[in-house]
Ligand code: ADP
């Protein structure tokens, strides 16, 4: 089969409708919106465009299914996730191609995301049967405290476009495991992966109403009435800090519990005693995974003055050697950015840095032609007041600046409203621990450029968010405590 046939087939196989109460339905208004291929800018297909009434209908289905789902045996919930994990892996090629078409990442990286996404389901299938409680005497010995864990209730899950499948499974997995029902609203740029995922979960045996998927071109109009309506018990959001703040304000009115995975401005620190091979590998991973379109992407690179030239030269050589092209083409390392706005922002940030005397070691020029391509770019001598240093770049642009002193670099690294992740490269164990402890972040990559792992608690501090996803704590976000006070009287 040619890639053109395969492409047509995977897009054709996805239902282009809303998934509500176990059925595929059109939007009440009959409206649709276009999904485009960022490698060409051309339309891939049209899908249902939900309005507020569709959102309400989806939430009603989730509310109606909640009690029965909470009462479903943990083992049954676990096995649905386990089956879905297996189906996802068996369909790696189709899901990877679908993801590449709507999001742009190279097929190899899309396959990697399919495996990563599936792993969340395996992890949470294992967690579903380990929900426990507690039993303790009160200090005076008169009462017993019996603690149970219960699902928080119907959840709203809002996902971004950069990891179309994994951001869905990272939220759906723990919600299903905990016994919550949900409405998922994927990003308008990449809804197809989520619709495919809904089909897989239904095939794996997820009962009607437990997962509902609403695609819309007007998120604000659909989401706000749901959050203010008093029936959503939990919001799990991954996206920009700007939208996160709006949603937190909406949640305040009806006291909705939240998990927020917001933006980042990751410092990437290379000390003079670092193994430069390891540091350059780490920089490639931390900068170029997903074309730099990740909240964990290295955003500010601080390299000790004594190794800065060598590090920059080696890193720039590796960056210049990457092949830019459509993600579907074999050999592509760097796909297009998500859309014209995403690329325009990157262009502006580079222009601002260059205007402040940054040097361009490689890249920096937008290619001619269709698709939202931007070359791997390395800038050195980036002034610390450049917009690059205080803005989440979300593109394949590395901004390098130098430092001489450990205290200084920690201070500058922490001088940001964000605190998702930091990367530290050093062979000095004392320094590694010292700096890791002092960085104001939720995660540290120590001599590595990759921190994401379903078994680890992912999340940030400061304006990078609230709560954690994955790891042992991932399911906690979807569970409440309830305690029973039980007096135990003496025998008569
Ligand atoms: P990005 O800038 O990376 O697209 P956003 O924070 O804008 O990130 O989007 C992340 C998710 O939040 C997407 O699913 C998007 O549709 C959704 N979203 C954006 N604005 C709102 C809003 N006002 N209310 C609810 N969801 C929103």
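Computed from the coordinates by the stated procedures, all read-outs in this text should not be read as laboratory data. Only a predicted model underlies this, so the values are computations on that prediction, with no experimental measurement involved. Cβ: placed from backbone, ideal geometry, glycine included. Neighbour counts: every protein chain shown.
Give me log10 I(q)/I(0) at q = 0.21 Å⁻¹ for segment 1-111, Debye formula, one equal scatterer per alpha-carbon, no solvent.
Those come out to -1.16, one per q.
Beyond 16 Å, what share of the Cα-Cα pairs of segment 362-420 is found? Please give it as a whole percent.
55
222 nm [θ] for the chain, helices only, -39500 (n - 2.57) per DSSP H run of 4+, per residue, to 500?
Using -39500 (n - 2.57) per qualifying helix, the result is -13000 deg cm²/dmol.
Based on the Cβ-Cβ distance from residue 93 to residue 136, what FRET efficiency comes out when R0 is 45 Å, to the nearest 0.05?
Efficiency, from the Cβ-Cβ distance: 0.30.
Ranked by Cβ crowding within 10 angstrom, fewest neighbours first, how are 423, 483, 116 ordered?
Ascending Cβ contact count within 10 Å gives the list 483, 116, 423.
Mind running the shape call on the chain? Use the C-alpha gyration tensor, a ≥ b ≥ c as the square roots of the eigenvalues: rounded below 1.5 for a/c, prolate if a/b tops b/c, oblate otherwise.
oblate
Test of understanding: ordering 60, 261 by Cβ neighbours within 10 Å, fewest first, what list do you get?
60, 261
Report the Cα-based extents of segment 294-351 along its three principal axes, largest first, to the nearest Å.
40, 27, 23
To check you understand DSSP bridge types, tell me what percent of the beta bridges within the chain (both residues inside) are antiparallel, rounded to 5.
The answer is about 45 percent antiparallel.
Please state the Cα pair-distance histogram of segment 67-106 with 10 angstrom bins from zero: what percent is in each bin?
Reading the bins upward from 0: 27, 30, 24, 19, 1.
With just the Cα atoms defining each centre, how far is segment 86-121 from segment 233-252? Give it in Å.
If you average the Cα positions of each part, the centres end up 27 Å apart.
Pull out the extension gain between residue 365 and residue 482, defined as 0.36 nm times the separation in residues minus the alpha carbon to alpha carbon distance; nm, one decimal.
Contour length minus Cα-Cα distance gives 36.3 nm.
How long is the gain from residue 108 to residue 473 if the chain were fully straight, where each residue apart is worth 0.36 nm and the alpha carbon distance is subtracted?
So the extension gain works out to 128.4 nm.
What FRET efficiency would be calculated for the residue pair residue 144, residue 492, taking the C-beta separation as r and a Förster radius of 25 Å, to the nearest 0.05?
0.85
Can you grab the distance from the C-alpha centre of segment 413-492 to the C-alpha centre of segment 363-392, Å, no decimals?
Cα centres, segment 413-492 to segment 363-392: 31 Å.
First obtain the Kirkwood hydrodynamic radius of segment 70-140 from its Cα pairs, then insert it into the Stokes-Einstein equation at 25 °C and 0.890 mPa s, and state the resulting D in µm² per second as a whole number.
174
So for segment 80-218: antiparallel DSSP bridges make up what percent, rounded to the nearest 5?
Expressed as a percentage, antiparallel bridges in segment 80-218 total about 35.
Quote to one decimal, in nm, the extra length available between residue 221 and residue 64 on full extension: 0.36 nm per residue of separation minus the C-alpha distance between them.
Stretched out fully, the residue 221 to residue 64 stretch lengthens by 54.3 nm.
Which FRET efficiency value, to the nearest 0.05, is calculated for residue 407 and residue 453 with the Förster distance at 22 angstrom and r the Cβ-Cβ distance?
Efficiency at R0 = 22 Å is approximately 0.10.
Apply the a/c threshold of 1.5 to the C-alpha gyration tensor of segment 389-492 and tell me whether it is rounded, prolate or oblate.
prolate
Expressed as an acute angle from 0 to 90° and rounded to the nearest 10, what is the orientation of the C-alpha long axis of helix 3-13 relative to the principal long axis of the chain?
Here the helix axis deviates by roughly 30 degrees.
With no solvent and one point per C-alpha, what does the Debye sum give as log10 I(q)/I(0) for segment 153-207 at q = 0.15, 0.17, 0.22, 0.31 Å⁻¹?
-0.37, -0.48, -0.81, -1.37
Report, as a whole number in µm² per second, the diffusion coefficient that Stokes-Einstein gives for segment 203-328 at 20 °C and 1.002 mPa s using the Kirkwood radius over alpha carbon pairs.
So the translational diffusion coefficient is about 116 µm²/s.
From the Cα gyration tensor of segment 165-241, with a ≥ b ≥ c the square roots of its eigenvalues, which class applies: rounded if a/c is under 1.5, or else prolate if a/b is larger than b/c, or else oblate?
Cα axes put segment 165-241 in the oblate bin.
Can you give the convex hull volume per residue for the Cα atoms of segment 248-290, as a whole number of Å³?
About 110 Å³ per residue, rounded to a whole number.
At a 10 Å Cβ-Cβ cut-off, how would you order 384, 111, fewest neighbours first?
By the 10 Å Cβ count, ascending, the order reads 384, 111.
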